[in-house]
Amino acid sequence: MNKHLLLIMLGTALVNPASYATPVVAEPGSAVTQQKSAGKLVDNPFAHASKLAYQYPAFDQIKNTHYAPAFSEGMRQHGLEIVAIANNPAAPTFENTVIAMERAGQMLNRVSTVFFSLTAANTNPTLESLSRDLAPKLAAHQDQIFLNARLFQRISKLYEVRQALKLDAESQRLLERYYTDFVRAGAKLGDKDKQKLKSLNAQLASLSTKFNQNVLKETNASAIVVDSKAELQGLSEEEIASAAEAAKARGLKDKFVIPLMNTTGQPFEASLANRALRQRLHEASVNRGSHGGEFDNRQVAIDLARLRADRATLLGYANHAAYGLEDETAKTTTAVNKMLSELAPAAVNNARAEGAELQKIIDAQQGNFKLAAWDWAFYTEQLRKAKYSFDDSQLRPYFELKNVLENGVFFAATKLYGITFKERTDLPVYHPSVKVYEIFDTDGKSMALFIADMYARDTKRGGAWMNAYVEQSSLFGTKPVIANHLNIPQPPAGQPTLLTFDEVRTAFHEFGHALHGLFSNVKYPRFSGTNVPRDFVEYPSQVNEMWATWPEVLKNYAKHYQNTQVIPQSLVDKITAANKFNQGFATTEYLAASLLDQRWHQLTPAQIPKDALAFEAEALKQAGVDFAPVPPRYRSTYFSHIFGGGYSAGYYAYLWSEVLDAESVEWFKENGGLNRKNGDWFRQQLLSKGGSMDPLESFRNFRGREPKIEPLLIRRGLQKQ
Ligand SMILES: [Zn+2]
């Protein structure tokens, strides 16, 4: 079974995981029906593999009207293939059962890959409505496969004799993986419980789609309209011009619009001098989804938590988190709770100390108010200037987008891995700002395509992410087509795109995911690239962030956009020195969100609350992270990672992965840093493996020992007292 579908089904996709799957009504062998209805799809671009290089999607051929029939036919074909495998009169073999399943569902994979990528990156009302319509159908399709008793029997039989089959290591792992996937999807349940499970899955699929759509619409609807330029004091002329253009785009004359980003904190809070406007901006952000109206997500969150708790009970788990974590490298809720609760007090203490410093500035300026959440970024910027005497506006002229990407991100990859890049302008794109690059391996042979979709727009989900349009697999002979998505604000016409340092770091981060997909060297699609546990997947991407400030890399890309002068060393030193700055805040807002995620998902059905916001407040208080000036990075009603996406009970994964990341950064430093030898070792031992072996084993092979937590604690200033 192709991995994209399975990932979506299992809720582990990196991006926009709506559920997947359909009622299979056709009987096996009805080839006539298949012929006939396939005939209707003759000019549907999803009916066959794309003829473009690397099977790159023919975006210029794909129309809104192609999706629904392609999904319907794709599910039908996949259903037939699965029934044929299940009902095969021949005794089960690895080839006729497991590999056959890996090969099945190609058309469904093609359409769902493009569809779910574009509903995240460039959506429209037709896709949105189709997405709502599809969610329960795909969930049912998934159930039809995983709850097929004959199919499970075949897999069980193979699983029982797996030692005797003498499979190679990757194949044996694939068999074990299929068996586990089936069991976790409810294959061992009785018929009545299977029906219950199907109904739960369908409801969950619809609701998480609704949650995501509410977040996107509410975020657009919550943009702040400002009447006068005077109120925007503190913003640069470019930012004011962008705000004026955003207003114009919304049909507002002589006004300014500040669009919201998906996190709680909003970038302009750092520079807006007008405290009342900062407060308006902040409140609009934190109230998203919880102030009534058509996009309110309070009840949706509660319903999702209840349905997940019900499903966990049905499958024999204490709660949804226990179910989810069993499949992660963390394994148990105990392990996750232990990490979060051990780090929380130190993080909050650090945040309180940082807050006290900010209060001093407010007092020194006769501010006469108590530090509030909407003041944090503003005074932090002042403190940063005072302590390190630089601010983001000094840095940005050195971080021009094309330079950052081609002479920074790509340059580091060339130095480490010997791969080279060439822009391709002949391939169709779904939005004019999207760029495509071909990547060549050390021997000069073409190896992959990389899609860079860097700009924010109303039709794009917030945040940054990576996804694969085509995955590497030696079974299929496919090479990767990988995309990175960022949300860099579009500059006014004619102006260069200048990044903040955070955006630079994000570009390196996402390319770390891309490398995981690009260097994949596995046989089965199920194990390709980033198809590893969630609490491992953020590890390579975080490691790649280290190169953003590596002197040799920095000097190559951080050049002033007007005079091409390299960023002064004094400024570089300040960036490095400022790395530990504001870490109490960053760690606390992250831990608060992670703890919320765990609280919601460690509930039994009987414990589901009636009031989402009261539950949230109580959960933060109990965990000791209810420090008002530092709210969670996401509040429950716009926490798409956990309610709309694949990170339910898994938001802790970023910090969990960071243990391995901090360890690996140490390793690179100990071994001479940016060179081919180090890059090749990391590629060979880790990046190429995907999910084809135990991820912690590949880490040990790379590092030469078990991971230790100390490098992370030092990095974040969390050393135990
Ligand atoms: Zn990431």
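The values are calculated or read from the model by the stated rules, or taken from the named source; none is laboratory data. Since this is a predicted model, take the numbers as computed values, not measurements. Quick reminder, even Gly has a Cβ in these numbers, built from the backbone with ideal geometry, and neighbours come from all protein chains shown. The accessibility values were calculated without ligands, DNA or RNA, using every heavy atom of the protein model including side chains. Shrake-Rupley method; radii C 1.70, N 1.55, O 1.52, S 1.80 Å.
Can you give the FRET efficiency for T564 and D391, using 1/(1 + (r/R0)^6), R0 = 22 Å, r = Cβ-Cβ distance, to the nearest 0.05?
0.50
Against the longest alpha carbon principal axis of the chain, how many degrees, from 0 to 90 and to the nearest 10, is the axis of helix 149-160 turned?
Tilt relative to the chain: about 80 degrees.
Please give the net charge around F94, taking every other residue with its beta carbon less than 14 angstrom from that of F94, where Lys and Arg add +1 and Asp and Glu add -1.
Every neighbour counted, the sum reads +3.
Using the charge dipole of the chain (Lys, Arg: +1 at Cβ; Asp, Glu: -1 at Cβ; taken about the Cα centre), state which of N531, G644, L713 has its Cα farthest towards the positive end.
Projecting each Cα onto the dipole axis, the largest value belongs to N531.
Run the accessible area of the chain with a 1.4 Å probe and give the carbon-and-sulfur part as a rounded percent.
Looking at the chain in its full context, I get 51 percent from C and S.
No solvent, one uniform scatterer per C-alpha: report log10 I(q)/I(0) for segment 316-370 via the Debye equation at q = 0.18, 0.27, 0.28 1/Å, two decimals.
Each listed q corresponds, in turn, to -0.68, -0.96, -0.99.
Mind checking the per residue accessible area of segment 222-262 for me, 1.4 Å probe, whole number of Å²?
54
Would you mind calculating the relative contact order of the chain from Cα pairs under 8 angstrom and at least 6 residues apart, reporting the percent as a whole number?
Value for the chain: 17 percent.
How charged is the neighbourhood of T333? Take every other residue with its Cβ under 15 Å from the Cβ of T333, and add Lys/Arg as +1 and Asp/Glu as -1.
The answer is -1.
Estimate the FRET efficiency between V225 and N671 by the formula 1/(1 + (r/R0)^6), using the beta-carbon distance for r and 45 Å for R0, to the nearest 0.05.
0.25
Let me know the Kirkwood hydrodynamic radius for the chain, please, with Cα pairs as the basis and the value in Å to one decimal.
26.5
Which three extents, in whole angstrom, do the alpha-carbon atoms of segment 566-721 cover along their principal axes, largest first?
Sorted largest first, the three principal extents are 57, 44, 34 Å.
Pairing the Cα long axis of helix 106-121 with the longest principal axis of the chain, what angle in degrees results, from 0 to 90 and rounded to the nearest 10?
With both axes taken from Cα atoms, the answer is about 20 degrees.
Per residue, how much accessible area does segment 334-443 show when a 1.4 Å probe rolls over the protein heavy atoms, in square angstrom?
I get 46 Å² per residue for this part.
With +1 assigned to the C-beta of every Lys and Arg and -1 to the C-beta of every Asp and Glu, and no other charges, what is the dipole magnitude of the chain about the Cα centre in debye, to the nearest 20?
940
Counting only pairs 8 or more residues apart or on different chains, how many lysine pairs in segment 350-431 have their Cα atoms under 17 Å apart?
Pairs that pass both the separation and distance tests number 4.
Starting from the Cα coordinates of segment 509-628, work out the convex hull volume and express it per residue in Å³.
Roughly 184 Å³ of hull volume per residue.
Starting from the Cα-Cα distance between T263 and K192, subtract it from 0.36 nm times their residue separation and give me the gain in nm to one decimal.
21.4 nm
Given the peptides 519-530, 338-349, 460-471, arrange them by the average over their residues of other C-beta atoms within 10 Å, most packed first.
Averaged packing, sorted descending, gives the order 519-530, 460-471, 338-349.
Say the cut-off is 19 Å between C-alpha atoms; which of K137/K194; K137/K198; K63/K217; K445/K669; K194/K610; K479/K689 go over it?
K63/K217; K445/K669; K194/K610
Straight-line reach from K248: which aspartates and glutamates have a Cα under 17 Å away, not including same-chain ones fewer than 8 places off?
D227, E237, E238, E239, D458
May I ask you to compute the full-extension gain from Q622 to Q365, defined as 0.36 nm times their residue separation minus their alpha-carbon distance, rounded to one decimal in nm?
In short, 89.0 nm is gained.
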